[in-house]
Each structure stands twice: as C-alpha cells, then as structure tokens.
Amino acid sequence: MIRINQIKIYNDLNTVRTKEELFDMLYQKASKLLRIDRSEIKSLEIIRHSIDARKKPEIYDVYMIDISLRSGSEESKVKRCKDKNVSIVSPAKYDFDKMKKAAAARISGNVSLDDGRIVVIGSGPAGMFCAYMLAQAGLKPLVIERGSDIDKRMQAVEAFWNGEELDEHTNVQFGEGGAGTFSDGKLNTMVKDKDGRGREALSIFTLHGANEDIMYEAKPHIGTDILCKVIKSMRERIISNGGEFVFDTKVTELVFDKDSKLSSVIVSGDKNEEIKCCCAVLAIGHSARDTFYMLKDKKVSMEPKPFAVGFRVEHPQSIINLSQYGVSDPKTLPASPYKLVMNTDNGRGVYSFCMCPGGYVVNASSEKGRLAVNGMSYSARDSRNANSAIIMTVSPNDFGGDDVLSGVEFQRRLEEKAYEIGGGKIPLEYYGDFKKAVTDGDSSFDGASFKGDINNELIKELDQKNNLPCMKGAYSFSNVHEILPVGLNKDFVQGMEKFGRMIKGYNSDGALISGVESRTSSPVRILRGEDGVSINIKGLYPCGEGAGYAGGIMSAAMDGIKTAELIAASLI
C-alpha cells in the first residue's frame, strides 16, 4: 500500500465539491505525483482530512491517502517518486482474537461462565463497546442500565428541557448511550491508537449509521441526532449476538464471597433481584454518585482524582469563524472549533473543554435541587452560537476535605449554588458584568488587545450585548459570579482576558457565561491492575470515564474494547 501525505487542495470557500469531484482530484494528484497513468490505480482511500487555515482566508484542504496499484512494484514507484510525503505502509487491522491472546500475558486469575453471567453495568460508550465486543465473541453479556432505552430517554430529556420535573433515573447523564449522547459527539482523542482500537470503534460507529467521514476527519463528530440512532442499532446487534439489556434497573449492591471475589449483583427496578455473575464491568459514568458511595461502603479501592470546573461561554459562531477562517460565513467549511489553554499567575490551568461549534448549552442536571450544564450539538452544527466550557483544574486540596468522595461533595455544593442562583433555571450572565463583580474594577485583570487585523461589525454587535443564548432548558439572568469560590473566579477572568488576545471578541462584555460546568470528568479513580481488575475485588472490572480511565466518547469506547479483551482472555 502506498501512502501519500500532504496533498493540498485549494478551498475557495464558495464551491462545494461532490464526493466524485473530490476523488477525481485526488486520483489526478496521486497519479501525477507517482508519474503513473490514473488507470494503474486500483483503489484510493482517504485516511485523514484536515484544514490548513494558517494563511487565512487562503484555506487549503489537506489529505492523507492510501492507494494500491493494479500491477507492478509499489516499492519501485515510491523509490522513483523521491518524495518524502510518499511511502510504503502496511496498515494494521484490529483483530480481537489477536488482542485477546496478547492480553493473556497480563491476566492474574481466571473466571468461569459456570459461575454466572458476564454483567456490564452501564451502557455509555465504555459499557456499550465492551458489550459489543463480548457479544461478537459469543460471550452473551447482560447489560444493566439504570436509565431508560434511547427512545424513552430522548422523550424524558426533551420533557425536562421543556419545563417538566427532572427524572433522576433518566436524564442527560443517565440512560442508554451515557452522558456522551447529549453532548457534542466529538470522536477525537489524545489517546494513542497503536493497537487499532480507536479505528475499530470508528468503524463500528459507521457500520451502525454514522457518516463515513468520521473515519478520516481530523476532528470527527457525530452529533446527538445521529448518535441516538447509532446507539440503538448497536444495541440491536448485541442482542442479535446473544447479549441482553435490562433498562430502568440500577445495581444497588455488589456481593462478594469470602475470598473477596464478586459473586453477584443486586438490582432494583421493576423488581429487586440478585443476579449471579462470573465478573462485572463497572462502566457507571462520571455522575453515578450514589454508586460511588455504595462502592465506598463495600470498601472497593478508590482514590480522589483531580478534575476541572468552570462555566460555559457562548459567542456567535460567525465571530469564531471569522477568527479561525478569516471569513464569518464560509460555504465550504464546517462551523469552526477552537482550542484554548493557558496557566494563570498562580499556576492553575485554564482551558477550553468540550467545545461545541454551532451548538447549544444544555441543562445537564441529574439530581434534584442541583444544576449542571454541558454543551451539545446536532450533526449539522448549525445553531447561531458556538459554546465551550472554560474550566479550571481543581485537586483534592480544593475540595475542602480528605474523604475519598470529597470531590463529589465539592461538585454538589457548586451545583446547589447554581440551582439556587438561577431559581432552578440555567443561570446566565454577561461577561462584562461577571468581570466587574469579580475584579471590582482592578485593571490588572485587563488583557492586552487582540493582535491582528480583523475589524468587523460582528465584534461591535457582541460588545453591545446583542448576543443571546442558544440553550436547551430555561435560563435566567443571574449572578453567575457567585457560584465558584473567589479564587477560581479570578482564574477564570484571567483566562478569558488571555483568550481575548487569541480570538478577537472572546473577552467582550457581551460574551455569555452560564454555569456550572462541574461534570468534566470523574472525581474518583477506581483502582485496577494491568489485568483490568479491581486491585482488591476479584472479578470487578472498573472501566471507562466513571472509573477514571477515560475522558470522552472515544477514550471510553477504547477502554471498553480493552476490557472486553481482558475478560475474554481470562475465561476458562
């Protein structure tokens, strides 16, 4: 296979190419580069697509492609080409059986299906992909989900956003698909994929209805509307392969034998029952606080871990496009994302998180009397505003206690304050008012002006406070600056001012601030060994984001696949 990197195609921002036109251009460029006739190319696959906007508004689409030839030596063609961007590759394909055999070297003990079912607790990305791989291998897992199936869940979430009472069992955090379902649906990850688990996860997504471009986009994205369909299709495949799902059922207790081995789980739902199991995957998500307390009572080894808290920040998407692309409304480019990071004078990290181009801020609460927000977008990413969490790192030193679950209580206090300030609605404040309240006119917080030549009426409109929110759930203009401790508020302002140098208008008075963003990641880590098993409870597999081993849809999916390999390798 011949890999060609850095194929650049000029994007005039107005001409939308069809798939056929794009491939025609790629075939032409590849044949010219290799000095062969186009007819000699047997196949062409796009491996990666990114956007080069460094000289905006002069924009280029950049492709990495793999091609195979109908005949002749590919090595000789590459050698004759003498181009550093052309090479011979042998793409590795994910192989579950091969990975299972490799995992056998890390197994410290065995489990037997004679002792009961393989139970997967939770149907977020980690649990769903773990169950999917186990079912593909003929191991017939039982998936237990505290919330409802995706159809009922969508109805419950929409009803809550339209003013009905919060369902604490089925909401933005709980239910089939996990918290990632009602999010931006980004599929990029910082986790290296040398074993092909990430690409396998993407392939499974496309098999079940996701657009094939997620296989090669540098910043792949599905969106809530498509994710809901994909999740349902994956569940149906798991069931067709012998797996089983039980919804609206919560695991309330783990039962261990005298050797500290998991023997069964106790569940509550339509009926309370005890289910024998040979092992259980603990894929509970980062918001299963009651389960964290149950695990603490059962003395499952856990430790507090750092996470981050902050606010959602909204700007008109046109302003972000203008900054990133050089034009406010490009016809041939997606709504632009951004990534921002800085360290404050006191060393605390402030950064953008779960940035949603053309998205919505959503009420993501899961406990009555407490309020949390998140960002969400549909596949089209076509709402008026861009939003992102701007968050600050917090550690056990910030939690106000040394209990293993002090981070949970820290989150709860912030969410109670947000609920109180907004009267149960999403609290919202213009950045200018927020900054004035926090700094009391201290000019040392003022950021340097944006360094660039962008001068547009859009920025003026934002300064004049014409920005209105794009939200799912009711909102109320409130004193958002009262939610976080003073020190974190000042760190937030320092970050916003620095980011205003990077994106013109970012720190404008009219930017919208809402809160509280408190569910960025799990506040605990459930300790496990290299075999994927809890360090003190045999047969218990902490997995995914809730266990502290992932940070998004893709990393959670990859951890779920890895856990399935370990379980399959341990079976006797």
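With the contact rule set at Cα under 8 Å and sequence spacing of 6 or more, what percent relative contact order holds for segment 307-517? It comes to 30 percent, rounded to a whole number. Rounded to the nearest 20, the size of the Cβ-charge dipole of segment 253-345 about its Cα centre is 160 debye, with Lys and Arg at +1 and Asp and Glu at -1. Note on Lys250: lysines with a C-alpha under 16 Å away, same-chain residues under 8 apart excluded, are Lys271, Lys276.
For segment 2-88, the mean projected area of the C-alpha convex hull, equal to one quarter of the hull surface, is 5.8 nm². Of all beta bridges that DSSP places with both ends in the chain, some 75 percent have antiparallel geometry. Only lysines eight or more places from Lys368 in sequence, or on another chain, were considered; those with a Cα closer than 17 Å are Lys417, Lys425. On full extension, the segment bounded by Ala380 and Met1 gains 133.0 nm, given 0.36 nm per residue less the C-alpha separation. Charged side chains reduced to their Cβ positions (Lys and Arg at +1, Asp and Glu at -1) give segment 316-400 a dipole of some 160 debye around its Cα centre. How would you classify the chain from its alpha-carbon gyration tensor, with a ≥ b ≥ c the square roots of the eigenvalues: rounded for a/c under 1.5, else prolate if a/b is greater than b/c, otherwise oblate? Here the chain falls in the oblate category.
Just check segment 59-199 against the gyration tensor rule for me: Cα atoms, a ≥ b ≥ c as the square roots of the eigenvalues, rounded for a/c under 1.5, and otherwise prolate or oblate depending on whether a/b exceeds b/c. Oblate, because a/c is 1.5 or more while a/b does not exceed b/c. Quick one: net charge of Gly72's neighbours, Cβ under 13 Å, K/R +1, D/E -1? Taking every other residue near Gly72 into account, the sum is +2. When the square roots of the Cα gyration tensor eigenvalues are ordered a ≥ b ≥ c, the ratio a/c for segment 307-517 is 1.5 or more and a/b exceeds b/c, which makes its shape prolate.
Computed over neighbours whose Cβ is under 10 Å from that of Ser31, the net charge equals +2, Lys and Arg +1, Asp and Glu -1. Based on Cα contacts under 8 Å between residues 6+ apart, the chain shows a relative contact order of 19 percent.
Sparsely packed loop sites in segment 86-191 (the GluC sites (Glu not before Pro) outside DSSP H, G, I, E and B with at most 13 other Cβ atoms within 10 Å) comprise Glu164, Glu165. Applying 1/(1 + (r/R0)^6) with R0 = 41 Å to the Cβ-Cβ distance of Asp345 and Tyr293, what FRET efficiency is obtained, to the nearest 0.05? It comes to 0.65. In summary, the aspartates and glutamates within cross-link reach of Lys261, defined as a Cα separation below 17 angstrom excluding same-chain residues under 8 places away, comprise Asp114, Asp115, Glu253, Glu274, Asp297, Asp531. Helices in the chain, meaning DSSP H runs of at least 4 residues, each add -39500 (n - 2.57). Divided by all residues, the mean residue ellipticity at 222 nm is -9500 deg cm²/dmol. Net charge in the neighbourhood of Asp290 (other residues with Cβ under 10 Å of its Cβ; Lys, Arg +1, Asp, Glu -1) is +1.
Helices in the chain that qualify as membrane-span-like (whole DSSP H runs, Cα extent of at least 27 Å along the helix axis, mean Kyte-Doolittle hydropathy of 0.0 or higher) do not occur.
Sparse packing (at most 15 other Cβ atoms within 10 Å of the Cβ) combined with a DSSP loop state is found for the following trypsin sites (Lys or Arg not before Pro) in segment 451-512: Lys451. Of the residues Met64, Ala30, Ala335, the one whose Cα sits farthest toward the positive end of the charge dipole of the chain, with +1 on the Cβ of Lys and Arg and -1 on the Cβ of Asp and Glu, is Ala30.
Quick note: the coordinates plus some simple rules give every number you see, no bench work behind them. From a predicted model like this one, the values you see are computed outputs, not experimental measurements. Neighbour counts are summed over all protein chains in view; Cβ atoms, including those assigned to glycine, are modelled from backbone coordinates with ideal geometry.
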